[in-house]
Structure formats: structure tokens, C-alpha cells
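Asks: Here's a structure for you.
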Amino acid sequence: MKKLVTILLSAAMLLSLAACGSSSAPTQTTAPAVETTAASATTEAQGAVPSGVEDGVLTIAMECAYAPYNWTQSDDSNGAVPISNVPGSYANGYDVMIGKAIAEANGWELEVIQSDWDSLVPGVQTGMFDAVIAGQSMTAERAEQVDFAGPYFYATIVCVTKADSPYASAASIADLAGASCTAQIATIWYDQCLPQIEGANIMTAAETAPAMLMALETDMVDFICTDMPTAQGAVAAYPDMTILDFSGTDGDFQFSDEVRAENVNIGVSVMKGNTVLKDAIDAYLATLTVDDFNSMMAQAISIQPLSE
């Protein structure tokens, strides 16, 4: 209404000037004003959800403690990026590599924010950051709260145990019956995988990936459940661990094809309705292949610190 009133008043003034003999002025002055107002109204109507990158900065969040997806280091070696809310610390890993590539492809600067796992989705919902690139599975439950771009990686479900453990020769999840185990909190690994193991002694969920690995390393549990990249990173950091991969066998964790796809597809989450940012990210990711993803992940694993 305020804009409409302003336009009407401006028109009235111009008509008054026209009556005084300024016949050309109204045409040259009024038309641009009306066009600008209409364009502004259209932008407001279409941009109810801001992209977040209007300032030329893509602000992403991650735990900075989930190697090889992301981790914290003390310098900028190997292309690490400063963590804006943790002065003196730098983030690196597969997620950082992907974030940098997306930003570069779109001419944006990249800002990385450290956030706890259970604060990632709320942070996107409230606009605290533009996107989450943090090894998140594209689950139906999360998709009710955020929109996903991607996938930007395809993972598989595996378990990790000690190489000298009696469970190191397990050929199926049935062979893990009765063992103590854990996984990271608020993940399919903890909520849906571990309960499928008959008689499993499921311990309290780990708050972070490092905490999960430490539980195994200190023999608090017999095995953990996670995705393949995390497992590969774990074995690189802890040579006394080994991966149990039951994928493609009858002894694997059982899910419908749809549910399995949701949880092995890793995506970038953005605010609901943020089509501008989602489309920009998807456009870049569409230029990459599975081999590209795997090659970048292998690079991340090769440069991850031995401990975080």
C-alpha cells in the first residue's frame, strides 16, 4: 500500500507539471519508476526465501570433526579454510573441497562455520547459515525439514571392529549377535542399523564421529556402524581397526531400495524453498561423476590428520 500511495502521489505531481507545459518530462520520469516498483514486487514475490548468497558469500556449516568428510586443523595446509566462529582454526576434508568448488564455480567467497551435528538442520532452517555440507544422508525425515541438493557422494553401510577382535571375521550382521556396539547420534546407523542385529548390546549413541571411534579404540564397544568413507578414514587413523562390509550379500542390513538410497546418498541441505541456491549447487554437482567424487574422497582420506 505504501508503494502504491507513493506511486499515485508521484503521478499526481507529474500530471500537475504537465498541465503547466512540461509535456515530455512525465513520460521520461514516470515509466522507469513504475518498472522499478514492478520489478521489486516481482522479486519480493519470487524471493520469499532469500538465497543467502546475495552478499557474494556462501556460508556453510559442518561439525569440523567428522573425518574424512570434515575436520579441524591448526593451519591452512592442504587448502584448509578458516573456521569463522573458531578463530585460529581451519576446516578441511571432502566437504570443504566440495564447498570450495561450488563457491568457485559461482563466483562466491566461502565461509565455514563449525556447528554440532544436532544443530545443523535447525541452523539452516533459521538462516544461521546458507547450507550444510557435512556428510548428511538425504533421508525422507530430513527432507521434510530442509531441501537437498545433490547427491555429492554415494556411501555404503559398513561396520568397523578391531583387527584382533573375535568379530573381525564376521561374514554377516548375524555374526555380530550379542556384541556391544554404538554409532553416531541421530543417524540411520544408530537408529535403524544396530537394532537389526539380534541380541546386540547397543550402547549410548556417540555425540561425534571421533567419540564413536574412541569408544571402539578403547574397547568400550566391540564394533561401530557407519558409512564407508568414515570407516576408511578410521582405518587410516587407527591401523588396528578393520572394516566389515556386508554390502551386496544376504547378510547385509535390510532396507527397501528407497530407504537404502536415501541413506547412502549424501547431500547438501538448504532452507526449504531456497530454489536459487539449490539449483546453483545442483548445476555444479551435475558436472561431476561418481569417479570424481571417489577421487576427491580418496584425496581427503590421504591428507586427513591421524588424530583430531
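Asks: Between Q145 and S172, take the C-beta separation as r, use R0 = 30 Å, and let me know the FRET efficiency to the nearest 0.05.
Replies: Efficiency for this residue pair is about 0.30.
Asks: Considering only protein heavy atoms, what per residue accessible area in square angstrom results for the stretch 38-149 with a 1.4 angstrom probe?
Replies: Working: 4640 Å² over 112 residues.
Ligands and nucleic acids excluded, the figure is 41 Å² per residue.
Asks: Right, next: For the stretch 192-299, what is the largest minus smallest coordinate of the Cα atoms on each principal axis, given in angstrom and ordered from greatest to least?
Replies: 46, 32, 29
Asks: Just for the Cα atoms in the stretch 43-172, what are the lengths along the principal axes, largest first, rounded to whole Å?
Replies: Ordered largest first, the stretch 43-172 gives principal extents of 62, 37, 25 Å.
Asks: Here's something else I'd like to know. Find how many whole Å separate the alpha carbon centroid of the stretch 95-173 from the alpha carbon centroid of the stretch 221-237.
Replies: Rounded to whole Å, the Cα centres lie 15 Å apart.
Asks: Using the Cα centre of the stretch 81-190 as the reference point, and only Cβ charges (+1 on K/R, -1 on D/E), how large is the resulting charge dipole? Debye, rounded to the nearest 20.
Replies: Working: 3 positive and 12 negative charges, 56 e Å.
Here the size comes out at about 260 debye.
Asks: Run the simple label-point estimate for M128 and E109 please: 7 Å along Cα→C-beta, distance reported in nm.
Replies: The modelled label-to-label distance comes out at 2.2 nm.
Asks: Within a Cβ distance under 14 Å of Q254, other residues only, what is the Lys/Arg minus Asp/Glu net charge? Don't jump to the answer; show the numbers that get you there.
Replies: On the way: positive: R260; negative: E198, D250, D252, D257, E258.
With Lys, Arg at +1 and Asp, Glu at -1, the net is -4.
Asks: Suppose we look only past 15 Å in the calculated P(r) of the stretch 72-141. What percent of the Cα-Cα pairs does that tail hold? Don't skip to the answer; put the middle values down first.
Replies: On the way: 1385 of 2415 pairs.
The calculated P(r) of the stretch 72-141 puts 57 percent of pairs beyond 15 Å.
The values are calculated or read from the model by the stated rules, or taken from the named source; none is laboratory data. What you see is a predicted model; the values in this text were computed from it and never measured. Glycine gets a Cβ as well: all are built from the backbone with ideal geometry, and neighbour counts include every protein chain shown. Surface areas here come from the heavy atoms of the whole protein model, side chains and all, with no ligands, DNA or RNA. Shrake-Rupley method; radii C 1.70, N 1.55, O 1.52, S 1.80 Å.
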